[in-house]
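Below: the structure, in structure tokens.
The values are calculated or read from the model by the stated rules, or taken from the named source; none is laboratory data. Because the structure is predicted, anything quoted here is derived from the model rather than measured. Here the Cβ positions follow ideal geometry from the backbone for every residue, glycine too, while neighbour counts run over all protein chains shown.
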Amino acid sequence: MERLDLVVIGGGPAGMAAALGAWHQGVRNILILDREAQLGGILEQCIHNGFGLHHFKEELTGPEYAARYAKEVADCGICCLLDTMVLDLAEALDGSGDKVVTAVSSKEGYLRIHAKTVVLAMGCRERPRGALNTPGTRPAGIYTAGAAQKFVNIKGYMPGKEVVILGSGDIGLIMARRMTLEGAKVKAVCELMPYSGGLTRNIVQCLEDFGIPLKLSHTVVRIHGRERVEGVTIAAVDGSRKPIPGSEEFIPCDTLLLSVGLIPENELSRAAGVKMDPVTGGAVVDQNRQTSLPGVFACGNVLHVHDLVDYVSEEAELAGQSAAAYLRGEAPCGGTVEVKARDGVRYVVPQRLCKDAGPVSLYFRVGDIYKDVKIVVKCGEKVLLSRPKKKVVPGEMERLPLTAGILSQIDGDVTVCLEQKGAE
Ligand SMILES: Cc1cc2nc3c(=O)[nH]c(=O)nc-3n(C[C@H](O)[C@H](O)[C@H](O)COP(=O)(O)OP(=O)(O)OC[C@H]3O[C@@H](n4cnc5c(N)ncnc54)[C@H](O)[C@@H]3O)c2cc1C
């Protein structure tokens with residue numbers, strides 16, 4: 001039973017950047033665990049470009065972005081155990097403060113690893129059909145968009161020829177274009193909400209450029225077909241997202257792709273007793289990305305669903321650096337305050353802040369589309385920061401840097417909210 005300085009669970013972009021963040025701060029005894037046969041996480045199946053514009057100032061494909069990190073991990077000699085599924089994370093019973101990571105590996109068998117620190121970087125999974133309660137039969141031809149992406153881009157199978165996509169998050173949009181390029185006819189992308197959940201650039205490049213209709217405020221109300229999907233009935237929905245009788249339309253198709261949300265993979269975190277945020281589905285963390293368990297850090301999509309991988313890498317590097325600081329015995333700074341989301345803001349990460357921390361960036365998403373607003377950070381009634389914004393949308397994550405000067409003014413809980421421009 002080896003004792004490591006840092007175990008990183010998940011070898012996607014978050015896990016690799018976290019390991020490198022710690023390595024560059026002098027930590028050498030690091031192990032990355034991943035259940036897949038290669039590093040890279042979800043990026044391995046994202047063969048479209050659009051990755052790395054912020055981080056590398058270049059437009060890369062997902063595998064190219066991942067390969068740059070995987071090469072650095074290899075060059076640094078960081079150990080990776082692939083084909084290894086982590087089953088459990090717990091506190092060591094010897095009072096050392098260590099964590100015990102239990103895993104099963106195709107090569108090494110059953111493993112129990114003692115670690116002084118752990119970074120959670122398990123990413124997220126897609127919401128399946130079972131979570132939707134759509135009436136109908138259970139024919140072949142219903143896939144999550146990510147599963148279809150893996151079939152097309154990695155396995156070389158085409159899931160179908162005539163496709164309807166439910167959900168207009170980025171994966172749904174990307175797959176609308178991908179299926180079209182591979183020769184399928186994408187008949188519609190239906191979105192329950194009155195706005196798309198994806199990035200504006202993906203709506204333009206993946207739907208508009210290919211003439212694929214985006215039906216906002218629409219959902220699939222029935223799936224038809226016995227052996228194979230034969231069509232779906234879609235309907236418009238009202239303000240409370242209920243189907244409007246009489247608005248039904250039958251669309252013949254052989255495939256339904258679901259892109260209806262991502263769920264952070266936090267079974268391990270929950271079982272370990274990590275305090276969770278009910279809105280993000282991820283851990284509650286401080287500005288160092290430390291969870292409620294000392295020495296356990298979280299980053300990437302397991303913490304909150306990111307739109308751009310560049311921000312995943314940035315956050316993960318910070319988590320790795322924080323693990324290194326923890327190993328050096330640098331106590332977290334005192335005076336923790338809560339950061340709360342209010343008035344139009346759905347969530348904020350980190351949810352806790354130390355007032356004497358250095359500069360900190362707040363990441364958040366809004367709950368609706370708002371135009372001509374101010375993003376306001378307050379402590380009580382005191383306005384710490386107010387930033388005008390022409391438009392904010394739920395599909396795009398917002399990032400707000402707070403300087404050390406702003407943080408020094410904090411004397412209580414912080415709120416992040418939207419205000420109408422012009423309002424006092
Ligand atoms: C279809 C799609 C298109 C995208 N397009 C873009 C884009 O154009 N531009 C952009 O910047 N971003 C894009 N993204 C977002 C970006 O890919 C993600 O933000 C990023 O991959 C998240 O990184 P991660 O490391 O947190 O998670 P992941 O990449 O999901 O990695 C998590 C890793 O953890 C492993 N794991 C989980 N649980 C365990 C366990 N118990 N034991 C062992 N291993 C485990 C998994 O095998 C996986 O390798 C896209 C994402 C998707 C899905």
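Only one of the listed residues (312, 232, 279, 296) is out of contact with any helix residue (DSSP H, G or I) (no Cβ under 6 Å at 6 or more places or on another chain), surrounded by 24 or more Cβ atoms within 10 Å (Cβ to Cβ) and in the same structural domain as residue 24 (by TED's automatic domain parsing). That residue is 296. Considering only residues in the range 95-139 that are closer than 21 Å to residue 292 by Cβ and among the charged types (D, E, K, R), the one that is modelled with the lowest pLDDT turns out to be 98. In summary, strands (runs of 3 or more DSSP E) completely within the range 295-407 and bearing 2 or more residues that are away from the ligand (no atom under 16 Å from the Cβ) occur at 336-341, 345-349, 352-354, 360-366, 370-379, 382-392, 398-402. Tell me whether the range 213-221 contains one or more residues that are within 16 Å of the ligand (Cβ to nearest atom), outside any helix (DSSP H, G or I) and touching a helix residue (DSSP H, G or I) at 6+ places or on another chain (Cβ under 8 Å). Within the range 213-221, not a single residue is within 16 Å of the ligand (Cβ to nearest atom), outside any helix (DSSP H, G or I) and touching a helix residue (DSSP H, G or I) at 6+ places or on another chain (Cβ under 8 Å).
With the structure loaded, tell me whether residue 59 is without any contact (Cβ under 8 Å) to a residue 60 or more places away in the chain, assigned by TED's automatic domain parsing to the domain that holds residue 101, within 13 Å of the ligand (Cβ to nearest atom) and surrounded by fewer than 16 Cβ atoms within 10 Å (Cβ to Cβ) or whether it fails that test. Lay out the reasoning, then the answer.
On the way: without any contact (Cβ under 8 Å) to a residue 60 or more places away in the chain: yes; assigned by TED's automatic domain parsing to the domain that holds residue 101: yes; within 13 Å of the ligand (Cβ to nearest atom): yes; surrounded by fewer than 16 Cβ atoms within 10 Å (Cβ to Cβ): yes.
Against the criterion (without any contact (Cβ under 8 Å) to a residue 60 or more places away in the chain, assigned by TED's automatic domain parsing to the domain that holds residue 101, within 13 Å of the ligand (Cβ to nearest atom) and surrounded by fewer than 16 Cβ atoms within 10 Å (Cβ to Cβ)), residue 59 qualifies.
Quick check: anything in the range 29-44 among the small types (Gly, Ala, Ser), near the ligand (Cβ under 10 Å from one of its atoms) and free of Cβ contacts under 8 Å to residues at least 40 places away in the same chain? Yes, there is a match, as at least one residue in the range 29-44 is among the small types (Gly, Ala, Ser), near the ligand (Cβ under 10 Å from one of its atoms) and free of Cβ contacts under 8 Å to residues at least 40 places away in the same chain.
Here residue 96 meets the list (1) touching a residue at least 60 places away in the same chain (Cβ under 8 Å); (2) among the hydroxyl-bearing types (Ser, Thr, Tyr); (3) under 19 Å from residue 29 (Cα atoms) almost entirely, failing just condition (1).
Please go through the range 60-116 and pick out each residue that is at positive phi and in a strand (DSSP E or B).
So in the range 60-116, the residues at positive phi come out as 77, 83, 95, 97, 109.
Passing the criteria: only 109.
Taking every residue in the range 142-159 that is farther than 9 Å from residue 257 by Cβ and pairing it with any residue that is at pLDDT below 95 and of a type in the set (Lys, Arg), at least 6 positions away or on another chain, the pairs with Cβ-Cβ distances below 9 Å are 146/125. Of all residues in the range 136-167, exactly one satisfies the criterion of being assigned to a strand (DSSP E or B) and either on the phi > 0 side of the Ramachandran plot or not assigned by TED's automatic domain parsing to the domain that holds residue 218 (or both), namely 136. Inspection of the range 352-361 identifies no residue that is crowded, with 20+ Cβ neighbours inside 10 Å, among the hydroxyl-bearing types (Ser, Thr, Tyr) and closer than 30 Å to residue 31 by Cα.
Mind checking which residues of the range 190-210 are aromatic (Phe, Trp, Tyr) and either within 17 Å of residue 391 (Cα to Cα) or not assigned by TED's automatic domain parsing to the domain that holds residue 242 (or both)? Can you show your working first?
Restricting attention to the range 190-210, the residues satisfying the condition of being aromatic (Phe, Trp, Tyr) are 195, 210.
Hit for the range 190-210 is 195, nothing else.
Checking the structure you have, find out if any residue of the range 172-180 is within 24 Å of residue 307 (Cβ to Cβ), under 22 Å from the mean Cα position of the chain (by Cα) and polar (S, T, N, Q). The answer is no, given that none of the residues of the range 172-180 is within 24 Å of residue 307 (Cβ to Cβ), under 22 Å from the mean Cα position of the chain (by Cα) and polar (S, T, N, Q).
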